[in-house]
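Down below is the structure, laid out as structure tokens.
Coordinate-derived values only; no laboratory data. All of these numbers come straight from a predicted model, not from anything done at the bench.
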Amino acid sequence: MQFSGRKTWISLTLALAALVTGCSMTSTTRAPVEDRTAGISSAPRVDPATLPGYENTGKPGYYTVRQGDTIMKIANEVHQPWRDVVRWNNLDNPNQIEVGQVLRVVPPTGTAVASAPMAETRTPVPAAASSAPPTKPAVPVATQTTPGVPPSTPSTPPAAPSAGADDVDFIWPASGPLIAGFDEAKNKGLGIGGKAGDPVVAAADGKVVYAGAGLRGYGNLIILKHNNTFLTAYAHNQTLLVKEDQSVKKGQKIAEMGSTDADRVKLHFEIRRSGKPVDPARYLPAR
């Protein structure tokens, strides 16, 4: 009886082992569960300035590609033939456009829309074909003089605009401590620390030209255009409080600080001058 009981115990043990092994083998053949958070901080960082047409962000006649856009959808939205949009942007493959890419959606200066009729051209008449003698050019009014009367002094031309006409009076976008400085090779802005949910404010009056999470490495990102020279970028936010094409005022709360696509809670803040990153510390007031 003892032998029989031991034999039964061994059989039961082997059966349980087989069951565990079978479950293990079955689990390896199932499709893995998608982890939407894994690998975010290690994803390659994409510099917005490297995207085609970034320097035209916010300019009239240009369109910033959003998530889910296609050439056909964009062309319908701007009421232009899609083939013209492809031609104006020299797209090799119309099916390959990137979120954040800026496309021209109006004809370049001097370029007609392909679907429009060609303007009539006239062949210039050679000068020798004209029988009329050449007329003597009239003396410009400014150089005509009357004996005994001094010539009038030409009016002074208007002064040229100052070099700083597009300068912006920036403020700090967050009140936390500075945790990372500007480095053109490694860090194209400033890192400002804080707690999740801390307010992020507009550094100056401007217009929202991008609000979303389509640029890998920046998380929830806002880009403001202040004039034809300056843009500012606010990355890694927890919550975005403004939408594209919305006008904002200096000091207005536009987001809440977070850690999207980052290793910690922080605000990554950039100032771009003519599309190129510059050290924000040179433009922000001293603390």
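Assorted remarks:
- The value of relative contact order for segment 55-115, using C-alpha pairs under 8 Å at least six residues apart, is 44 percent.
- Entries of Lys186/Lys250; Lys73/Lys250; Lys195/Lys253; Lys195/Lys243; Lys225/Lys276 with Cα pairs more than 25 Å apart: Lys186/Lys250; Lys73/Lys250
- Amide hydrogen proximity for Thr239: with H placed 1.01 Å from N in the peptide plane, the residues at 5 or more positions away or on another chain lying under 5 Å are Glu256.
- Rounded D (µm²/s) - segment 200-287, Kirkwood Rh over Cα pairs, Stokes-Einstein at 10 °C, 1.306 mPa s: 123 µm²/s
- Whole-Å distance, taken between Cα centres, linking segment 254-287 and segment 187-221: 6 Å
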